[in-house]
Amino acid sequence: GVDTNHTLERWVFAVKTEHDKENSVQPLGDKPGKEITAEIQAIIRQITASVTFLPLLNEPCAFDLLIYTRSSSAVPDAFEDCDPCYIANGAEVKLRSFTTSIHQINTDVEYVQPPL
């Protein structure tokens, strides 16, 4: 939350690619665009439905976009290092995963459990 500076939700979209020795991306397969689109639509539906289990946030919130890169990647000067915003004793829900021809995307959300 903005006032408490505590992380209330942590959404993870882990995008992985396979690289060869020359550091070029290696295809994971040959998946039709229609199938990729259907998998992305399924994740969007699952994210939208997450309002049924995520606790209501009753305080002003902001979000930070954390991007993990290889140490050899060029990073814009405007980027800055920060902590990973883990939530101690948080609840975690794994969401759908999907692959494209060159990416594997794993998704999950971690959140602060409201007191009983």
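Read-outs: derived from the displayed coordinates by stated rules, not from any lab. All values reported here derive from a predicted model rather than from experimental measurement. Because the Cβ atoms are built from the backbone with ideal geometry, glycine has one as well, and the counts that use them run over all protein chains shown.
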Handout entry: Cα-based Rg / Dmax (Å) for region 34-92
Key = 16.4, 41
Handout entry: Longest to shortest principal axis, alpha-carbon extents of the chain, angstrom
Key = 49, 36, 22
Practice task
Using only alpha carbon pairs under 8 Å that are at least six residues apart, calculate the relative contact order of the chain and give it in whole percent.
Solution key: 47
Handout entry: Given charges at beta-carbon only (K, R positive; D, E negative), |dipole| of the chain in Debye
Key = 540
Fill in the blank from the handout: Partner aspartates and glutamates whose C-alpha sits under 17 Å from that of LYS16, ignoring same-chain residues fewer than 8 away, are ASP30, GLU39, ASP108
Exercise for the section: Compute the acute angle (0 to 90°) between the alpha-carbon long axis of helix 33-49 and the principal axis of greatest extent of the alpha-carbon atoms of the chain; round to the nearest 10°. Expected result: 10
Fill in the blank from the handout: Of all GluC sites (Glu not before Pro) in region 4-90, the ones in DSSP coil with at most 14 other Cβ atoms within 10 Å are GLU22, GLU80
